[in-house]
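What follows is a single structure, written as structure tokens, with notes after it.
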Amino acid sequence: MSSTVVISSADIMGGTPVFPGTRVPVQTLLDYIEAGDSIDEFLLGFPTVTRPQVVAFLEHAAKLAVTEAA
């Protein structure tokens, strides 16, 4: 997997942040989690996204949250 966790390009979904190699917005994962759905449910709905991509995104988001809180 690429070391890039999220990509944003005007050529892909008009610049919406997506998982690399997909057209799946990272916001969709956040919406699933907010609704109480599991990562497995998200992955079933979006098979182009891999579990390692989801884990990398969540780990990166957690690091950003901790840094901002400091």
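The values are calculated or read from the model by the stated rules, or taken from the named source; none is laboratory data. Bear in mind that the values here come from a model prediction, so they are computed numbers and not experimental data. As a convention, Cβ positions derive from the backbone with ideal geometry for all residues, glycine included, and neighbour counts pool all protein chains shown.
The residues of the stretch 9-31 that are at negative phi and of a type outside the set (A, V, I, L, M), listed by number, are Ser9, Asp11, Thr16, Pro17, Phe19, Pro20, Thr22, Arg23, Pro25, Gln27, Thr28, Asp31. The number of residues in the stretch 1-31 being out of contact with any Ser or Thr (no Cβ under 9 Å at 6 or more places or on another chain) and not aliphatic (A, V, I, L, M) comes to 8.
Does Thr67 fit the bill of being surrounded by 10 or more Cβ atoms within 10 Å (Cβ to Cβ) and of a type in the set (Val, Ile, Thr)? No, not satisfied.
Pairs are defined by a Cβ separation below 9 Å, a sequence spacing of at least 6 or placement on different chains, a first member in the stretch 30-51 that is more than 20 Å from Pro17 (Cα to Cα), and a second member that is surrounded by 14 or more Cβ atoms within 10 Å (Cβ to Cβ) and at pLDDT 95 or above; the pairs so defined are Ser38/Tyr32; Glu41/Tyr32. Taken residue by residue, the stretch 33-41 has no member that is in a loop (DSSP other than H, G, I, E, B) and in contact with a strand residue (DSSP E or B) (Cβ under 8 Å, 6 or more places away or on another chain). Identify, please: which residue in the stretch 49-64 is in contact with a helix residue (DSSP H, G or I) (Cβ under 7 Å, 6 or more places away or on another chain) and assigned to a helix (DSSP H, G or I) and is, among those, surrounded by the fewest Cβ atoms within 10 Å (Cβ to Cβ)? If we take residues in the stretch 49-64 being in contact with a helix residue (DSSP H, G or I) (Cβ under 7 Å, 6 or more places away or on another chain) and assigned to a helix (DSSP H, G or I), then Arg51 is surrounded by the fewest Cβ atoms within 10 Å (Cβ to Cβ). Restricting Gly45, Gly36 to those that are at pLDDT 95 or above and surrounded by 11 or more Cβ atoms within 10 Å (Cβ to Cβ) reduces the list to Gly45. For Pro17, the criteria (1) surrounded by fewer than 15 Cβ atoms within 10 Å (Cβ to Cβ); (2) modelled with pLDDT of 95 or more hold in every case but one, which is (1). For Leu29, the stated conditions hold: it is under 9 Å from the mean Cα position of the chain (by Cα) and either buried (at least 16 other Cβ atoms within 10 Å of the Cβ) or not in a loop (DSSP other than H, G, I, E, B) (or both).
The number of residues in the stretch 11-22 being out of contact with any Pro (no Cβ under 7 Å at 6 or more places or on another chain) and either in a helix (DSSP H, G or I) or without any contact (Cβ under 8 Å) to a residue 12 or more places away in the chain (or both) comes to 4.
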